[in-house]
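Enquirer: So that we are looking at the same thing, I have put the structure below in structure tokens.
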Amino acid sequence: MTQPLTVGVEEEFFLVDPDSGSAVSASEEVIAAAASVGPAERLHPETSTAVVETVTEPHRELSLLADDVRALRAAAAAAAQTAGCAVLPCGTELVAGPYMPPTSGSRYRAVHKKYGAYVFGHMPCGLHVHVGMPDREHAVRVGNHLRPWLPTLQALAANSPFSLGEDTGYASFRSMWWSYLPVAGPAPLFTDAAQYNALLDRLVASGVILDRKMAYWFARPSEFVPTIEVRVMDVCPTSDTVTLLAGLTRALVTTCLRAVERDAQPAPVSDQLLAAAHWQAARYGLEGDALDLDSGLPLPVWTLVDRLLRHVAPALSEAGDLALVNDILAETRRSGSWADRQRSIIREGGTLSDVSAHLRSLLLK
């Protein structure tokens, strides 16, 4: 048996006031403090000064990735405490507050100016899963095969029903936030890496995006390392949920890579139906119907989760991940999406500050 593909994750987190739950501009202080509590080189700034990002090493064993995620979360939490704030694992800013200034650096300032303070002054936070690829050509072709499965991963990760003090009506409002940007959402189909690169070059030349990193498609080849990056998921409260999503994503990429190596063609999917499936996943998460891309009809989302699990079960089994993924998925099925769990606090008479406190209490779980 060949070795499993490497998998690593990036997690974006809000920095918030521990009492009010509102975002604070403290990323530089937190990153400086991280030097004394852990691996500071793997705690990065983001466009907003109210957000930091953790970056794991690539791993072949899912349990080692889970350990890495927990260690980085602990380091970020300790650094934030030293800087007088806290780390919030939520896809959107819960409590209304002022615009956060851009992080220092010419690129961050240029991004802020180009796309507006409303977009990046209240930046949403995601979970990005990187899976190792033989080369860029394979990554582009794997991306074609990933497209119909990504709405299901999006629904599983839904963790952003509230934004700036309001219930948005969505399970993953973070997903909708990206629609403010010109190059976001499902990636187009590409014949090869040359076509992918040519389109990116044209988008940069047009001035619509500032650089190749600003193609914010739901799956894309990395510009820096030989991976495919799946970025359709909200940041989630617990490391167990991250482990589930990383395991499923790697198994899905592995399954798609095998299809590419057989020279199988990607499933023909209407671009409009695919966009509608992503909207449905963002709107309802795990608590409603999903759009079945085969029939174009609504189906219970758990039917599509089960279909995904069957599709990737051989890859999960070969990697030794099937039992762990099944256990975490069973708990998710019992407890519901993180979006619904956030709303349950409000239904029971709590406030958004209570939601913030609860999510923060789960960071190291």
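Enquirer: Size of the dipole of segment 85-206 about the Cα centre, Lys and Arg at +1 and Asp and Glu at -1 on the beta carbon, nothing else charged, in debye to 20?
Expert: About 320 debye.
Enquirer: What residue among Ala23, Ala330, Ala80 has the largest mean-square fluctuation in a Gaussian network model of the chain, using Cα springs under 10 Å?
Expert: Result for the chain, Cα springs under 10 Å: Ala330 fluctuates most.
Enquirer: Using every Cα-Cα pair within segment 224-350, state what percent have a distance larger than 25 Å.
Expert: Taking all Cα-Cα pairs of segment 224-350, the fraction more than 25 Å apart is 31 percent.
Enquirer: How high is the relative contact order of segment 187-315, in percent, with contacts defined as C-alpha pairs under 8 Å that are six or more residues apart? Working shown, then result.
Expert: Working: 82 pairs, mean separation 19.3, N = 129.
Result for segment 187-315 is 15 percent.
Enquirer: Here is a follow-up. Can you tell which of Leu245, Trp302, Gly288 lies farthest toward the positive end of the dipole of segment 220-309, using +1 and -1 charges on the Cβ of basic and acidic side chains (Lys, Arg; Asp, Glu)?
Expert: Leu245
Enquirer: Could you check how much of the accessible area of segment 232-271 is carbon and sulfur, as a whole percent, using a 1.4 Å probe?
Expert: Roughly 47 percent, rounded to a whole number.
Enquirer: While we're on this one: State, as an integer percentage, the relative contact order of the chain based on alpha-carbon contacts under 8 Å between residues 6 or more apart.
Expert: That works out to 21 percent.
Enquirer: When Cα extents along the principal axes in Å is calculated directly from the model, which label among (1) 76, 51, 36; (2) 54, 48, 38; (3) 79, 46, 41 fits?
Expert: Among (1) 76, 51, 36; (2) 54, 48, 38; (3) 79, 46, 41, the one calculated here is (2).
Enquirer: Could you please state, rounded to a whole Å, how far the C-alpha centre of segment 5-78 is from the C-alpha centre of segment 183-260?
Expert: First find each Cα centre; the distance between them is then 21 Å.
Enquirer: So what are the ³J(HN,Hα) numbers for segment 264-281, from phi and the Karplus equation (6.51, -1.76, 1.60; θ = phi - 60°), rounded to whole Hz, Gly and Pro as x?
Expert: 6, 8, x, 4, x, 10, 4, 4, 5, 5, 5, 4, 5, 5, 5, 4, 4, 5
Enquirer: Helix-only mean residue ellipticity at 222 nm, the chain, DSSP H runs n ≥ 4 weighted -39,500 (n - 2.57), per residue, nearest 500. What is it? Kindly include the intermediate steps, with their values, before the conclusion.
Expert: On the way: 14 runs with 170 residues, N = 365.
One gets -14500 deg cm²/dmol as the mean residue ellipticity at 222 nm.
Enquirer: How much of the accessible area of segment 121-176, in percent, comes from carbon and sulfur atoms when a 1.4 Å probe is used?
Expert: Numbers: 630 of 1200 Å².
Heavy-atom surface of segment 121-176 belonging to carbon and sulfur, 1.4 Å probe: 52 percent.
Enquirer: Order the peptides 167-177, 262-272, 348-358 from the highest to the lowest mean number of other Cβ atoms within 10 Å of their residues.
Expert: So the peptides 167-177, 262-272, 348-358, ranked by packing, come out 167-177, 348-358, 262-272.
Enquirer: Where the centre of each part is set by its Cα atoms, how far does segment 139-153 sit from segment 304-361, in angstrom?
Expert: Taking the Cα centre of segment 304-361 as reference, the centre of segment 139-153 is 21 Å away.
Enquirer: Then there's this: Assigning unit charges at the beta carbon (Lys, Arg +1; Asp, Glu -1) and nothing else, what dipole magnitude in debye, to the nearest 20, does segment 65-136 show about its Cα centre?
Expert: 340
Enquirer: Let me ask something else. Let's see if you can work this out: charge +1 on each Lys and Arg Cβ, -1 on each Asp and Glu Cβ, no other charges. What is the dipole magnitude of the chain about its Cα centre, in debye to the nearest 20?
Expert: 460
Enquirer: While we're on this one: Per residue, how large is the accessible surface of the chain? Use a 1.4 angstrom probe and give square angstrom.
Expert: Per-residue value: 39 Å².
Enquirer: Moving on. Could you point to the residue in Val235, Val355, Ala330 farthest towards the positive end of the chain's charge dipole, with +1 and -1 charges on the Cβ of Lys/Arg and Asp/Glu respectively?
Expert: The listed residue farthest towards the positive side: Val235.
Enquirer: Let me ask something else about it. Report the relative contact order of segment 262-365, percent, no decimals, based on alpha-carbon pairs under 8 angstrom and at least 6 residues apart.
Expert: In percent, rounded to a whole number, it is 16.
Enquirer: Rounded to the nearest whole Å³, what is the per residue volume of the convex hull around the Cα atoms of segment 1-160? Intermediate values should be presented prior to the final figure.
Expert: On the way: hull volume 23.3 nm³, N = 160.
Normalising the Cα hull of segment 1-160 by residue number yields 145 Å³.
The values are calculated or read from the model by the stated rules, or taken from the named source; none is laboratory data. Quick caveat: nothing in here was measured; it's all calculated off a predicted structure. Here the Cβ is made from the backbone with ideal geometry for all residues, glycine too, and neighbour counts use every protein chain on show. Please note that ligands, DNA and RNA were not included when accessible areas were found on the heavy atoms of the full protein model with its side chains. Shrake-Rupley method; radii C 1.70, N 1.55, O 1.52, S 1.80 Å.
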